[in-house]
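In what follows, a structure is listed as structure tokens, so that the remarks can point back to it.
The values are calculated or read from the model by the stated rules, or taken from the named source; none is laboratory data. Keep in mind the model is a prediction, meaning the values are calculated, not measured. Glycine also receives a Cβ, built like all others from the backbone with ideal geometry; neighbour counts cover every protein chain displayed.
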Amino acid sequence: MKLFFGSSPKKSENNVSKTTESGLGTFGGVYTPSILTILGVIMYLRFGWVVGNVGLFGTLAIVTLSTLITFLTSLSVCAIATDRVIRVGGAYHVISRSLGIETGGAVGIPLYFAQALSVALYTIGFAESVTESFSFLKPYQLYITLAITIAVAVLALTSASLAIKAQYLIMAAIVLSLVSLLFGSPVPDSNINMFASPAQGSEDFWKVFAVFFPAVTGIMAGVNMSGDLRDPTKSIPIGTLAAVGTGYIIYMILPIVLAMRVPFEDLIAEPLIMQQISFWGPAILLGVWGATLSSAIGSILGAPRILQALARDGVLPDWMRFLGNGSGPNDEPRVGTAVTLVVAVAVVCIGDLNLIAPVLTMFFLTTYLVLNISAGVESFLQSPSFRPTFKINWIFSFLGAAGCLAVMFLIDPVATVVAAAIVLLIYFWLSSRELTTTWGDVRRGIWMALLREAILQTDHTQDTKNWRPSILVLSGAPSRRWSLIRLADALTHKRGLITVSSVLPSGSCDLARKLTLEKRIRNYLERRGVQALVRLITAPEPFEGATRLVETYGLGSVVPNTILLGDSENSSKRERYCDTIAHFHYANRNVVIFRENHQRGFGRRRQIDVWWGGMQANGSLMLLLAYLVRKDIEWRNAQLFLKLVVPDETAATAARTNVRDIVERLRIKAIPKVLVARDRSFDEILHTSSVDADLVFLGMARPQENFAEYYEKLQKRAANLPTTLFVLAAPDFRFEEVLTES
């Protein structure tokens, strides 16, 4: 009986070890609802069909494979259930609290429809058994199904507790039917060969598997009652695994009994063949009616609770929030029950048990797949917060997940791809809504584990093959230097790391205030589509703070390799500014100084000029940075000019050939432009040639004595130019190899 009663919303999710005086025990709270779900309509109405189509050994293989997947999933579920209370929503609750609300919703929505379809599966099975027993009712089978579907929905709306009270009576009816079958006799006057091959025209093995698999999907029935158990950490593992084991034993004995007593052709043709070979035929009817009705009631109780949990967590659109409302002291989801009834009635009109069962199989396999992944990830990460009393190795959980995925593809590859596409579409839809939750999940733990491994595997050696800028932006307040941050974003393309940093005066804020400011800056950047880390530091003065930041910021070998900062036009601080630039250079960092033309900004983003002096050091780095800027979507239509000044026409001829060859070899779409000086100064050529540029790259000399005087001349050279970048390459890195690496 598929019961999805979670604990009361007032109960703590973390209070899993608490043993209460009252509540259900292992047998009544876990084992009974689980075994009642397992021994259901498929066993009575389709087990003979399974044996007839694939033979005795094929059936035993299907039972073993199905139960193995369920068993591995049971281990995973028991581990999760003994770590936390599983509240309303069942599997959805587990997955959303483990892998995040997006993953939980992507599985929970299909799971809801699986439960709603289950109502139709069981009521169709009930009506089919009635019309098989009373043939004069066959024309009215659809009406019987609809009446029973509505009746179980009304029962769920009015008296949910009746399902629990009736489970022992139903259990007795099922036991009576199995005993009656065991002591029955073969079909009279029939030629039986239990080891014969299936008849010609039999169904494919995996199609039969898909029809049978829902018969072993009852493991969550008891787990979902964890909040109502006296001792959930003890009852859930024992009750669930005992139910799986009992079901496996019964399902391994039944095919032998059927194959010994009934020809395969009759097993396929007669859905209620068990009644004919039982010691007391009516016992089979009692069993099938009890099993189908209890399972239908369980499903009509379970599906609305999943819907209720989805609505309350905000997974469903806002206009569907009303589905999260509860009624009465037990918080019954009556609105969700009415919606589920509509879905079930629509499916009942299809009326084909063999068509519905494979659809349920795909939904349940998807849910089991993600449940196994949830438990496997939790166990693998060994987070201190994951402390189940029922411990399993993560390998078993991932084996269960692999088994689910493999079986899905073997049953129907197209349906598997479609199911995956539906889940992914729901996932991306939920991700785009940026849902917020009050609980944590394992995703951060996964990233931390990957980060640790990546840092340990990344050594401190220079790697030209995989070089890209990792930028520390000395921006100050981002709103004041937004062009600086936008340039850093264009250079990284969301592939390299950006750290937006600022130096605050000593004593201006405490640690708590600094963390608040960092969060505010991160939110500011995210709202403008920039992914960046944020680091604030306090120091007596900005240059000391910047120096300290470059010396200490980073983790292992993951440190910024490029410092991006604004130009300083304050002559009183030029000496200190230039000393800081020299410090960055000798710390083996690239330095890029951003000198913005405030009137033009980045202009039309149509022309980039690189003033080149060769492949060594600055020349290669400038060409790399210009190439990266042009890959940004806002610069994609820009032309890149590689400009070189030579003294006379003779030198120009050779230079044009060499530069053209270099550009072709580097596979960078740059337009070589060799300029002849003809007694003109470089500054004059620079201003004349780059007057229409939108971004200009100029190399800087290495810091030496009188570097402040050199920098002052550089500033004068760039006066009135378009927005300009002064580039100083790190001293010990061969950027020409980054360009020429094949």
Matching option when the condition is within 25 Å of Ala283 (Cβ to Cβ) and surrounded by 23 or more Cβ atoms within 10 Å (Cβ to Cβ), among Leu181, Leu111: Leu181
Could you list, ordered by first residue, the pairs with Cβ atoms under 8 Å in which the first is in the stretch 289-309 and surrounded by fewer than 24 Cβ atoms within 10 Å (Cβ to Cβ) and the second is assigned to a helix (DSSP H, G or I) and of a type in the set (Phe, Trp, Tyr), at least 6 apart or interchain? Trp289/Phe126; Leu293/Tyr122; Leu293/Phe126
Within the stretch 391-438, which residues are in contact with a Phe, Trp or Tyr (Cβ under 6 Å, 6 or more places away or on another chain) and of a type outside the set (Val, Ile, Thr)? Trp394, Cys404, Leu410
Kindly indicate whether Ile422 is outside any loop (DSSP other than H, G, I, E, B) and within 16 Å of Leu72 (Cα to Cα). no
Just one listed residue, out of Phe409, Phe398, is out of contact with any strand residue (DSSP E or B) (no Cβ under 6 Å at 6 or more places or on another chain), buried (at least 19 other Cβ atoms within 10 Å of the Cβ), of a type in the set (Phe, Trp, Tyr) and in a helix (DSSP H, G or I), and it is Phe398
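Among the residues that make up the stretch 244-262, is at least one of them of a type in the set (S, T, N, Q), in the same structural domain as Leu341 (by TED's automatic domain parsing), over 24 Å from Phe195 (Cα atoms) and modelled with pLDDT under 90? Reasoning before the result, please.
Within the stretch 244-262, the first condition is being of a type in the set (S, T, N, Q), and the residues that meet it are 246.
Checking the rest, the ones that are also in the same structural domain as Leu341 (by TED's automatic domain parsing) come to 246.
Then drop every residue that is not over 24 Å from Phe195 (Cα atoms), which leaves 246.
Pick out the ones that are also modelled with pLDDT under 90 and you get none.
Checked against the condition, which is being of a type in the set (S, T, N, Q), in the same structural domain as Leu341 (by TED's automatic domain parsing), over 24 Å from Phe195 (Cα atoms) and modelled with pLDDT under 90, the stretch 244-262 yields no hits at all.
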Failed item, numbered, when Arg480 is tested on (1) free of Cβ contacts under 8 Å to residues at least 12 places away in the same chain; (2) in a helix (DSSP H, G or I); (3) not β-branched (Val, Ile, Thr): (2)
Are there helices (runs of 4 or more DSSP H) fully within the stretch 135-217 with at least 2 residues that are aliphatic (A, V, I, L, M), at pLDDT below 85 and in the same structural domain as Val262 (by TED's automatic domain parsing)? List them. 141-158, 161-182
Within the stretch 690-699, is even one residue touching an Asp or Glu at 6+ places or on another chain (Cβ under 7 Å), at pLDDT 90 or above, in the same structural domain as Gly613 (by TED's automatic domain parsing) and among the hydroxyl-bearing types (Ser, Thr, Tyr)? yes
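Restricted to the stretch 164-198, and to residues that are β-branched (Val, Ile, Thr) and out of contact with any Lys or Arg (no Cβ under 8 Å at 6 or more places or on another chain), which residue is farthest from Ser294 (Cα to Cα)? Can you show your working first?
Kept after step one, since they are β-branched (Val, Ile, Thr), are these residues of the stretch 164-198: 164, 170, 174-175, 179, 187, 192.
Pick out the ones that are also out of contact with any Lys or Arg (no Cβ under 8 Å at 6 or more places or on another chain) and you get 164, 170, 174-175, 179.
Working: Ile164: 9, Ile170: 8, Ile174: 11, Val175: 15, Val179: 20 Å.
For the stretch 164-198, the residue satisfying everything is Val179.
Tell me which residues, restricted to the stretch 49-91, are among the small types (Gly, Ala, Ser) and more than 30 Å from Glu265 (Cα to Cα).
So in the stretch 49-91, the residues among the small types (Gly, Ala, Ser) come out as 52, 55, 58, 61, 66, 74, 76, 79, 81, 89-91.
Those that are among the small types (Gly, Ala, Ser) and more than 30 Å from Glu265 (Cα to Cα): Ser74, Ser76, Ala79, Ala81, Gly89, Gly90, Ala91.
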Within the stretch 372-381, can one find any residue that is surrounded by fewer than 21 Cβ atoms within 10 Å (Cβ to Cβ), among the polar types (S, T, N, Q) and farther than 30 Å from Leu146 by Cα? no
Do we have Ser118 as buried (at least 24 other Cβ atoms within 10 Å of the Cβ) and of a type in the set (Ser, Thr, Tyr) here? yes
In the stretch 492-536, what residues are among the hydroxyl-bearing types (Ser, Thr, Tyr) and surrounded by 19 or more Cβ atoms within 10 Å (Cβ to Cβ)? Thr492, Thr499, Ser501, Ser502
Within the stretch 582-631, of all residues that are farther than 14 Å from Leu564 by Cα and of a type in the set (Phe, Trp, Tyr), the one surrounded by the fewest Cβ atoms within 10 Å (Cβ to Cβ) is Tyr586
Taking the stated definitions as given, is Thr723 under 49 Å from the mean Cα position of the chain (by Cα) and modelled with pLDDT under 90? no
In the stretch 624-645, what residues are in contact (Cβ under 8 Å) with a residue 40 or more places away in the chain and in contact with an Asp or Glu (Cβ under 9 Å, 6 or more places away or on another chain)? Ala626, Asp632, Trp635, Ala638, Phe641, Lys643
Looking at this structure, is Leu565 buried (at least 19 other Cβ atoms within 10 Å of the Cβ), over 29 Å from the mean Cα position of the chain (by Cα) and part of a helix (DSSP H, G or I)? no
Got a sec? Which helices (runs of 4 or more DSSP H) wholly within the stretch 40-102 have at least 1 residues that are not assigned by TED's automatic domain parsing to the domain that holds Val30? none
Checking the structure you have, find out if any residue of the stretch 581-600 is on the phi > 0 side of the Ramachandran plot and not in a helix (DSSP H, G or I). yes
Name the pairs: first residue in the stretch 570-594 and closer than 25 Å to Leu721 by Cα, second residue in a strand (DSSP E or B) and of a type in the set (Gly, Ala, Ser), Cβ to Cβ under 9 Å, at least 6 apart or on different chains? Ile593/Gly566; Phe594/Gly566
Please go through the stretch 445-468 and give me each residue that is modelled with pLDDT of 75 or more and over 29 Å from the mean Cα position of the chain (by Cα), ordered by number. Trp467
Within the stretch 656-674, can you find the residues that are in contact (Cβ under 8 Å) with a residue 12 or more places away in the chain and outside any loop (DSSP other than H, G, I, E, B)? Arg656, Val659, Arg660, Ile662, Val663, Arg665, Leu666, Ala670, Ile671, Pro672, Lys673, Val674
Identify, from the list Ser299, Ser294, the residue that is among the hydroxyl-bearing types (Ser, Thr, Tyr) and in contact with a Ser or Thr (Cβ under 6 Å, 6 or more places away or on another chain). Ser299
Among (1) at pLDDT 90 or above; (2) not in a helix (DSSP H, G or I); (3) not assigned by TED's automatic domain parsing to the domain that holds Lys713, which single condition is Arg604 missing? (3)
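Regarding the stretch 551-558, can at least one residue be identified that is surrounded by 20 or more Cβ atoms within 10 Å (Cβ to Cβ), within 23 Å of Ala454 (Cα to Cα) and at pLDDT below 90?
Checked against the condition, which is being surrounded by 20 or more Cβ atoms within 10 Å (Cβ to Cβ), within 23 Å of Ala454 (Cα to Cα) and at pLDDT below 90, the stretch 551-558 yields no hits at all.
Could you please let me know if Thr653 is over 54 Å from the mean Cα position of the chain (by Cα), free of Cβ contacts under 8 Å to residues at least 40 places away in the same chain and part of a helix (DSSP H, G or I)?
yes
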